[in-house]
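Chemist: A single structure is presented below for examination.
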Amino acid sequence: MTISNKYSEAFETALDYGRPPNIKKIFPNSKALIVSGKYIDQAMLKKGNCMTIAANARSSFVLRGTLAAAQRANAAVIIEIARSEGGTNAYCPISLWNMARQTDAIMNELGITIPVAIHADHFGIKKPEDIEPAKTEIESLFDAGITSIAIDASHMQDDQNLLANIELNPFVPDWAGLETEVGEIKGTLGLSTAEEALFLIQGLNAHTIFPDWIALNNGTTHGIEESGAGIDVQLTAQIHKTLAPYGISGAQHGTSGNNSDKLRAIASDTSTTKANVATALQMVSWGIKVNDYGNAILDDTGNFIKEKGKGLTQEMWSKMQAFATENGLKGGDVKKLNLPFENYLLALPQEIRQRMAKNVENFVYTLLTEVFNATDTADILIGQILATKSHTPGPKTKKIESRTDWTQEKIMKRACNIISDKGPDGNFDD
């Protein structure tokens, strides 16, 4: 792959204007157009009825394949890792602190010219005591090249969720993409309500905080979709309609395992512009048999099926299976094979490494072009940069609510009147 001449002068100008200050500082001589998540969201909105992939780069093969697919589709994309995947207790080799560097390196190597945002997903705050140490950690992420972040305090009650978002916001640059979340992702349990979502977004608006995305518990799950229910499109559309005056888009978590028609409906019938894909890309890179929307197909004994001639070698898969058995890793927990086996996979023959990345590329390309409707959003985004001549497109909305109505005391009092079911307690991390 060679650098496209399509943008030439326009691309060079966008590179100069569009890269945020932290990216210019870390990669002063780079030709990788790494941008704010705000630009990604607004490019999808400008095209309309589309969303792009937020690929959880659990391995270098997923990262490489996703970027190659985006180049083919001429689509702006997001590369992300969740705090649980790539934080201080990481189970993936790509972390919150090396993701930008790895993305930049591969983009320069392959001549990738489409715009890419680097997103810290599910930066989880599970209790008030998590807030203070998070302030330093968030700053360190932007020092490392993050250009977008999801502050996820959905594990806590509604008032504590809102207050945590408010307290942490000063540590997120105003140019950066921002995601918030209501309703912890628990499948069909503890579904989000419009009342909960409106409470969170109105309270943030009163404090002049305008998130780009909101994530909901709208029926989906992280990992392997086992229930078959998947995303509740009608619920999602209803909540997005309620939030419309506040100019916020949807972030769809847990898309792996939802069929293509449902994902097309999310893109066309809701305000979703960001679709997280993690487990499907991992499985495809390994050569595990999946259905047409990325859910692993199991044999009669409930085990994954390794496809001959696809992904990694059968010998390596046997070693990974043995490790999983020894360490009690079953079902979705095989994701914890990523970290201990990354270097083994990088040591495989070139043709094996290439086919692992190619499997991801083909899968992501189909999503971007035939399901998400993200084709040519790269052109739209570059046009936006050339128009604004800035590394930020600015907010999509304005302040509507009065801050005096959303003091800490009033937030706590309002929250007491919210009727909702948060679902069962438990570990629902990605």
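Chemist: From the list T193, T242, T255, T221, which one is polar (S, T, N, Q) and either surrounded by fewer than 18 Cβ atoms within 10 Å (Cβ to Cβ) or modelled with pLDDT of 95 or more (or both)?
Modeler: Details: T193 fails: either surrounded by fewer than 18 Cβ atoms within 10 Å (Cβ to Cβ) or modelled with pLDDT of 95 or more (or both); T255 fails: either surrounded by fewer than 18 Cβ atoms within 10 Å (Cβ to Cβ) or modelled with pLDDT of 95 or more (or both); T221 fails: either surrounded by fewer than 18 Cβ atoms within 10 Å (Cβ to Cβ) or modelled with pLDDT of 95 or more (or both).
Just a single option satisfies the conditions, and that option is T242.
Chemist: Taking K289 as meeting all but one of (1) without any contact (Cβ under 8 Å) to a residue 60 or more places away in the chain; (2) on the phi < 0 side of the Ramachandran plot; (3) surrounded by 20 or more Cβ atoms within 10 Å (Cβ to Cβ), write down the number of the exception.
Modeler: The one condition K289 does not meet is (3).
Chemist: Here is a further query. Check segment 346-367 and report whether any residue there is under 30 Å from S268 (Cβ atoms), assigned to a helix (DSSP H, G or I), touching a helix residue (DSSP H, G or I) at 6+ places or on another chain (Cβ under 6 Å) and among the charged types (D, E, K, R).
Modeler: Looking for residues that are under 30 Å from S268 (Cβ atoms), assigned to a helix (DSSP H, G or I), touching a helix residue (DSSP H, G or I) at 6+ places or on another chain (Cβ under 6 Å) and among the charged types (D, E, K, R), one finds at least one in segment 346-367, hence yes.
Chemist: Tell me the residue from S148, S140 that is out of contact with any helix residue (DSSP H, G or I) (no Cβ under 9 Å at 6 or more places or on another chain), within 30 Å of R19 (Cβ to Cβ) and of a type in the set (S, T, N, Q), please. Let's see the steps before the verdict.
Modeler: Numbers: S148 fails: out of contact with any helix residue (DSSP H, G or I) (no Cβ under 9 Å at 6 or more places or on another chain).
Matching residue, one of S148, S140: S140.
Chemist: Hey, another quick one. Among the residues of segment 391-430, count how many are more than 30 Å from G18 (Cβ to Cβ), small (G, A, S) and either exposed (fewer than 12 other Cβ atoms within 10 Å of the Cβ) or at pLDDT below 90 (or both). Please lay out each step first, then the result.
Modeler: The initial filter retains those residues of segment 391-430 that are more than 30 Å from G18 (Cβ to Cβ), namely 401-429.
Those left that are additionally small (G, A, S): 402, 415, 420, 423, 426.
After this cut, where a residue has to be either exposed (fewer than 12 other Cβ atoms within 10 Å of the Cβ) or at pLDDT below 90 (or both) as well, the list is 402, 420, 423, 426.
The qualifying residues number 4.
Table: residues versus (1) in a helix (DSSP H, G or I); (2) buried (at least 24 other Cβ atoms within 10 Å of the Cβ).
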site	(1), (2)
N22	yes, no
K31	no, no
D41	yes, yes
A55	no, yes
R58	no, yes
F61	yes, yes
T66	yes, yes
A70	yes, yes
A75	no, yes
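Residues checked against (1) without any contact (Cβ under 8 Å) to a residue 12 or more places away in the chain; (2) farther than 29 Å from R72 by Cα; (3) in contact with a His (Cβ under 8 Å, 6 or more places away or on another chain); (4) not hydrophobic (A, V, I, L, M, F, W, C):
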residue	(1), (2), (3), (4)
K306	no, no, no, yes
G311	no, no, no, yes
E315	yes, yes, no, yes
N327	yes, yes, no, yes
E351	yes, no, no, yes
N359	no, no, no, yes
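Chemist: Among residues belonging to segment 312-332 that are closer than 19 Å to E85 by Cβ and either in contact with a helix residue (DSSP H, G or I) (Cβ under 6 Å, 6 or more places away or on another chain) or at pLDDT below 95 (or both), point out the one that is surrounded by the fewest Cβ atoms within 10 Å (Cβ to Cβ).
Modeler: Taking the candidates together, the pick is K330.
Chemist: Where in segment 86-196 are there strands (runs of 3 or more DSSP E), lying fully within it, with 2 or more residues that are within 30 Å of A10 (Cα to Cα) and out of contact with any Pro (no Cβ under 8 Å at 6 or more places or on another chain)? Explain how you work it out, then say what you get.
Modeler: Numbers: elements: 116-124, 148-152, 177-182.
Of the strands (runs of 3 or more DSSP E) lying wholly inside segment 86-196, those with at least 2 residues that are within 30 Å of A10 (Cα to Cα) and out of contact with any Pro (no Cβ under 8 Å at 6 or more places or on another chain) span 116-124, 148-152.
Chemist: Got a number for residues in segment 369-425 being part of a helix (DSSP H, G or I), under 26 Å from D269 (Cα atoms) and either among the polar types (S, T, N, Q) or in contact with a strand residue (DSSP E or B) (Cβ under 6 Å, 6 or more places away or on another chain) (or both)?
Modeler: Number of matching residues: 3.
Chemist: Something else about it: Kindly provide the set of residues from segment 141-163 that are modelled with pLDDT of 95 or more, over 14 Å from R101 (Cα atoms) and hydroxyl-bearing (S, T, Y), ordered by number.
Modeler: Within segment 141-163, S148 is the sole residue that qualifies.
Chemist: Can you confirm whether segment 281-297 contains a residue that is more than 22 Å from N373 (Cβ to Cβ), hydroxyl-bearing (S, T, Y) and part of a helix (DSSP H, G or I)?
Modeler: yes
Chemist: Also, quick follow-up: Go over the candidates A265, A322 one by one and state the one that is closer than 30 Å to G247 by Cβ and either without any contact (Cβ under 8 Å) to a residue 40 or more places away in the chain or in contact with a His (Cβ under 9 Å, 6 or more places away or on another chain) (or both). Break it down into steps so the answer makes sense when it comes.
Modeler: Numbers: A322 fails: closer than 30 Å to G247 by Cβ.
One residue alone meets the criteria, A265.
Chemist: Determine which member of the set A150, A105, A144 is of a type in the set (A, V, I, L, M, F, W, C), in contact (Cβ under 8 Å) with a residue 40 or more places away in the chain, surrounded by fewer than 24 Cβ atoms within 10 Å (Cβ to Cβ) and under 30 Å from R64 (Cβ atoms).
Modeler: Working: A150 fails: surrounded by fewer than 24 Cβ atoms within 10 Å (Cβ to Cβ); A105 fails: in contact (Cβ under 8 Å) with a residue 40 or more places away in the chain.
The unique qualifying residue is A144.
The values are calculated or read from the model by the stated rules, or taken from the named source; none is laboratory data. From a predicted model like this one, the values you see are computed outputs, not experimental measurements. Here Cβ is always computed from backbone atoms with ideal geometry, including for glycine, and neighbour counts include all displayed protein chains.
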